[in-house]
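Below is one structure, written out as structure tokens; comments come after it.
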Amino acid sequence: MKSALLRLREVRDSLSATERSIADYLLAHPEEAMELSIHEMAERTFSSPSTIIRMCHRIGFDGYKEFRRAVTYEMAVRKQSEEEERKEITRSDSIEGIIEKITYKNIMSLEDTKNLLDADTLRQCVDLIRTCRTVLLFGMGASLCAARDAYLKFLRLNKPCIVNDDWHSQFLQARNATKDDLGIVISYSGETVEMVECMKAMRENHTPIIAITRCVSSPVSELADYKLYTTANESTFRSGAMSSRISQLNLIDILYTAFANSEYEYCLEQLSRTHIRKPSSMRKPMLEGGEDAGLHISGH
């Protein structure tokens, strides 16, 4: 079931003024809105039925009926957590309160990202990783942390990949890309200028591009061939890109594991071959069946 309110929240800023007023009403009064027919909704929001249907199409629904069913289902599932989801960090919060709130927001971001993930798109992305010559990774700021995490994971499985820390190097990387390579661009906002320039360069070279980004119309999503959507429930100190980073890392883990699973026997062999053991003088004796007894699909 598509997450209707989540998609509406993510795409709100890119809607027209009339569509935005409908979205605001739906997000503020979802229970009341679900009791209204499309004509009653149009009257309540000073819009028209055709505008409501157009808005539903913008977020991936066939029409108002399908949208309303999805909202009703979503509200039933998330009713108990709505109040907690709106909690923000306050100056009076204790350490215990901060632990509780930040952890909850990260969990909600992972849940929301799971609801936005399309299995067919993920399957196509895994196929691209399997067949491409080199995986080219792009990201700035906090998104670069996720790109470097992907680099270490794919390197462990002997999948050729490249990541550069500065934008000039990333731009040269994009300029040198070919149709046999694969670009993975990570940008939560979808508006990072440096990422947009890199994507334009790759498109000129006919390089397929996967974007890990917000579920909203943006320059990054428009330039990408495949979109893996993330979302975030940031705290008051949102400039730290905390829960959005967690969502990105979660998607990297999913991509990596799905790729490893698609080449199961080979990847098990690679994980064994590339496992870096500590020198015996640095290791404590291990009991039989301990940490080294089996293989783990892990990037560490």
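The values are calculated or read from the model by the stated rules, or taken from the named source; none is laboratory data. For clarity, every value in this text was computed on a predicted model and none was experimentally measured. Neighbour counts run over all protein chains shown; Cβ positions are idealised from the backbone, glycine included. Side chains are part of the model used for accessible areas, which takes the heavy atoms of the whole protein and leaves out ligands, DNA and RNA. Shrake-Rupley method; radii C 1.70, N 1.55, O 1.52, S 1.80 Å.
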So which pairs qualify, if the first residue must be in the stretch 171-187 and more than 22 Å from residue 228 (Cβ to Cβ), the second must be surrounded by fewer than 24 Cβ atoms within 10 Å (Cβ to Cβ) and of a type in the set (A, V, I, L, M, F, W, C), the Cβ gap must be under 7 Å, and the two must be at least 6 apart or on different chains? 171/201; 175/201
Tabulated pairs, the stretch 249-272, first under 21 Å from residue 144 (Cβ atoms), second open to solvent by 50 Å² or more (accessible area, probe 1.4 Å), C-beta under 6 angstrom, 6+ apart or interchain: 250/110
Restricting the stretch 36-88 to residues that are among the small types (Gly, Ala, Ser) and assigned to a helix (DSSP H, G or I), the residue that is modelled with the lowest pLDDT: 81
Of the numbered conditions (1) touching a Leu at 6+ places or on another chain (Cβ under 8 Å); (2) among the acidic types (Asp, Glu); (3) within 29 Å of residue 273 (Cα to Cα), residue 112 fails exactly one; give the number of that condition. (3)
Could you pull out the residue among 218, 235, 244 that is more than 17 Å from the chain's Cα centre (by Cα), among the small types (Gly, Ala, Ser) and at pLDDT below 95? 235
If residue 21 satisfies every condition in (1) at pLDDT below 90; (2) more than 19 Å from residue 112 (Cα to Cα) but one, which is the exception? (1)
Of the residues in the stretch 1-35, those that are assigned to a helix (DSSP H, G or I), acidic (Asp, Glu) and open to solvent by 10 Å² or more (accessible area, probe 1.4 Å) number 4
Looking at this structure, is residue 198 surrounded by 19 or more Cβ atoms within 10 Å (Cβ to Cβ), under 19 Å from the mean Cα position of the chain (by Cα), at pLDDT 95 or above and not β-branched (Val, Ile, Thr)? no
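Conditions tested, residue by residue: (1) assigned to a helix (DSSP H, G or I); (2) closer than 30 Å to residue 28 by Cα; (3) touching a strand residue (DSSP E or B) at 6+ places or on another chain (Cβ under 6 Å).
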site: 102; (1), (2), (3): yes, yes, no
site: 107; (1), (2), (3): yes, yes, no
site: 113; (1), (2), (3): yes, yes, yes
site: 137; (1), (2), (3): no, no, yes
site: 150; (1), (2), (3): yes, no, yes
In the stretch 166-191, which residues are hydroxyl-bearing (Ser, Thr, Tyr) and surrounded by 24 or more Cβ atoms within 10 Å (Cβ to Cβ)? 187, 188
Scan the stretch 203-231 residue by residue and report those that are over 18 Å from residue 145 (Cα atoms) and without any contact (Cβ under 8 Å) to a residue 40 or more places away in the chain. 203, 204, 205, 206, 209, 219, 220, 221, 222, 223, 224, 225
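Results for (1) closer than 30 Å to residue 219 by Cβ; (2) in contact (Cβ under 8 Å) with a residue 40 or more places away in the chain; (3) touching a strand residue (DSSP E or B) at 6+ places or on another chain (Cβ under 8 Å), shown as yes or no for each residue.
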position: 3; (1), (2), (3): yes, yes, no
position: 21; (1), (2), (3): yes, no, no
position: 25; (1), (2), (3): yes, no, no
position: 36; (1), (2), (3): no, no, no
position: 46; (1), (2), (3): no, no, no
position: 51; (1), (2), (3): yes, no, no
position: 54; (1), (2), (3): yes, no, no
For the stretch 104-113, does any single residue satisfy the condition of being touching a residue at least 12 places away in the same chain (Cβ under 8 Å), under 27 Å from residue 216 (Cα atoms) and open to solvent by 70 Å² or more (accessible area, probe 1.4 Å)? no
Please verify whether residue 177 is of a type in the set (Gly, Ala, Ser) and outside any helix (DSSP H, G or I), treating the condition exactly as stated. yes
Extreme residue, modelled with the highest pLDDT, among residues of the stretch 140-165 that are charged (D, E, K, R) and open to solvent by 60 Å² or more (accessible area, probe 1.4 Å): 148
